[in-house]
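Since every read-out is calculated from the coordinates, none of them should be taken as a lab result. Not measured: the values here are computed from a predicted model. Every residue, glycine among them, receives a Cβ derived from its backbone with ideal geometry; neighbour counts consider all protein chains shown.
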Amino acid sequence: MSWVVVRVRSDVGVERSIKETMHMLNLTKVNHAVIIPENDQYRGMLQKAKDYITWGKADKELVETMLRERGRLVGDKPLTDDVVKEGSEFASISELADAIVSNDATVKDVEGLKRVFRLHPPRGSKGWGGIKRSFVVGGALGARGDAIKPLVERMI
């Protein structure tokens with residue numbers, strides 16, 4: 001499995017080690033998202049930055065939508081099936097998304113693809129639902145599980 005991680009809060013006034021952890025995750029700005037593999041090293045990084053990010057399990061549909069709608073190459077060119085076919089071993093974005101979800105590939109496997117997905121702020125009346133509270137008490141921070149999908153869909 002893989003995780004989709006979205007940065008919720010700014011790093012103004014944040015402890016240096018947490019700020020560095022968010023930079024290691026390539027989450028340099030608010031509303032940026034990354035897709036990372038599920039392993040113990042990343043789990044520790046997520047726990048360290050849990051008060052500034054939200055994350056959940058990635059499914060194939062969500063990853064494919066993120067790649068199609070928000071995937072960008074160097075030079076801000078959009079990601080297409082042709083680019084994936086030329087720059088990687090995968091024939092289409094759908095195959096790439098399937099491999100990313102099953103941890104057989106990462107976003108880095110496509111030549112020139114940026115690792116960060118720039119998203120809109122969440123649309124709708126709820127917005128984030130509070131950026132200083134955990135998800136379990138109605139806020140936006142921390143682990144979401146499968147509830148990451150509706151959030152990211154509102155942000156695409």
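As a proxy for reagent exposure, ranking MET66, MET155, MET24 by other Cβ atoms within 10 Å from fewest up yields MET24, MET155, MET66.
Segment 43-96 and segment 101-117 have Cα centres lying 6 Å from one another. Judged by the ratio a/c of the largest to the smallest principal axis of the C-alpha gyration tensor, segment 81-136 counts as prolate, that ratio being 1.5 or greater while a/b is larger than b/c.
Among LYS60, LYS29, the order by Cβ neighbours within 10 angstrom, fewest to most, reads LYS29, LYS60. Ordered by the number of other Cβ atoms lying within 10 Å of each residue's own Cβ, fewest first, MET45, MET22 fall into the sequence MET45, MET22. The residue list PRO78, VAL4, THR54 was ranked by how far each Cα lies along the charge dipole of the chain toward its positive end, using unit charges on Cβ atoms, and THR54 comes out on top.
Here the relative contact order of the chain, from alpha carbon pairs under 8 Å that lie six or more residues apart, stands at 29 percent.
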